[in-house]
Amino acid sequence: MRYKVILFDFDDTLVDFHDAEVQAYAHLMRHYEVPSHIHDYHRFKEINQNHWEAFQRGEITKAEVLRHRFIETFATYGMAVNGQEADIVFRDGLARAPIKWLAGIMPMLEMLHSQYALAIVTNGVTDTQERRIAQTDLHAVMDHIFISDKVGAQKPNVAFFEAVFEVFHQYDKKDFLIVGDSLTSDIQGGINAGIDTCWFNHRQLENKSYIQPTYTIDRIEALKEILM
């Protein structure tokens, strides 16, 4: 076999994070009694993305991301909130949101489980991600689950992958493949760590970056062709 260990991102690779985020945002708006006619999920998504990208560039801390994304969001509604409290409400909504699988994921994982070591590699808050993963049967097919909050580093930082290599110490880097939807997190992280990468571009986005994955697929079934 070309690879022996397959690392899968969780959000928007195995499950539909957009769907969960929409539900978490609605939960947040209800909690703060924001009139529905001024809800602007897309504005929140833009603010949230900008904050996480600033974090990845080392410009702000993770704690600042979690607080200030909501302070800025509610400011657009003319409201002042405690950003830390709003983050707790939002993440509770995220953890409660029913899991929506992307097409073909579980059959693929069940097939691969008998042939490869499988692991989840996800950025996120431990409590939130563990509650979400607990809704699934992933523990039955995954050999390990790595959550950035618990690891102490997040993708694309090499330190995150060093924790992975320590657990799977019997394998060489050439034995690893990471599959994920994010060029800046999953693919750049794999490149930084010196392993092969597979961009799961199921939303068929244009790659306008300098980041070049080893492989690109737009449906999970195509992964079998890479692994043959």
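Each reported figure results from applying straightforward, stated rules to the coordinates on display, with no laboratory input. Keep in mind the model is a prediction, meaning the values are calculated, not measured. So basically every Cβ, Gly included, is an ideal-geometry build from the backbone, and we count neighbours across all protein chains shown.
Against the conditions (1) buried (at least 21 other Cβ atoms within 10 Å of the Cβ); (2) closer than 18 Å to residue 117 by Cβ, residue 166 satisfies every one except (1).
Do you know which residues across the range 174-190 are of a type outside the set (Gly, Ala, Ser) and out of contact with any strand residue (DSSP E or B) (no Cβ under 9 Å at 6 or more places or on another chain)? If the condition is that a residue be of a type outside the set (Gly, Ala, Ser) and out of contact with any strand residue (DSSP E or B) (no Cβ under 9 Å at 6 or more places or on another chain), then 184 is the only one that fits. The helices (runs of 4 or more DSSP H) found entirely in the range 1-111 that carry 2 or more residues being touching a residue at least 60 places away in the same chain (Cβ under 8 Å) are 17-31, 41-56, 83-96. Scanning the range 122-173 for residues that are of a type in the set (Val, Ile, Thr) and more than 15 Å from the chain's Cα centre (by Cα) gives 136, 141, 158, 164, 167. Comparison of 85, 72, 53 shows that the only residue that is over 18 Å from residue 28 (Cβ atoms) and of a type outside the set (Val, Ile, Thr) is 53.
Let's see how each residue does on (1) surrounded by fewer than 21 Cβ atoms within 10 Å (Cβ to Cβ); (2) touching a Phe, Trp or Tyr at 6+ places or on another chain (Cβ under 7 Å); (3) farther than 20 Å from residue 126 by Cα:
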position: 145; (1), (2), (3): yes, no, no
position: 149; (1), (2), (3): yes, no, no
position: 170; (1), (2), (3): yes, no, yes
position: 178; (1), (2), (3): no, no, yes
position: 191; (1), (2), (3): yes, no, yes
position: 195; (1), (2), (3): no, yes, yes
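Residues of the range 204-227 that are in contact (Cβ under 8 Å) with a residue 40 or more places away in the chain and either hydrophobic (A, V, I, L, M, F, W, C) or in a loop (DSSP other than H, G, I, E, B) (or both): 219, 220, 223, 226, 227.
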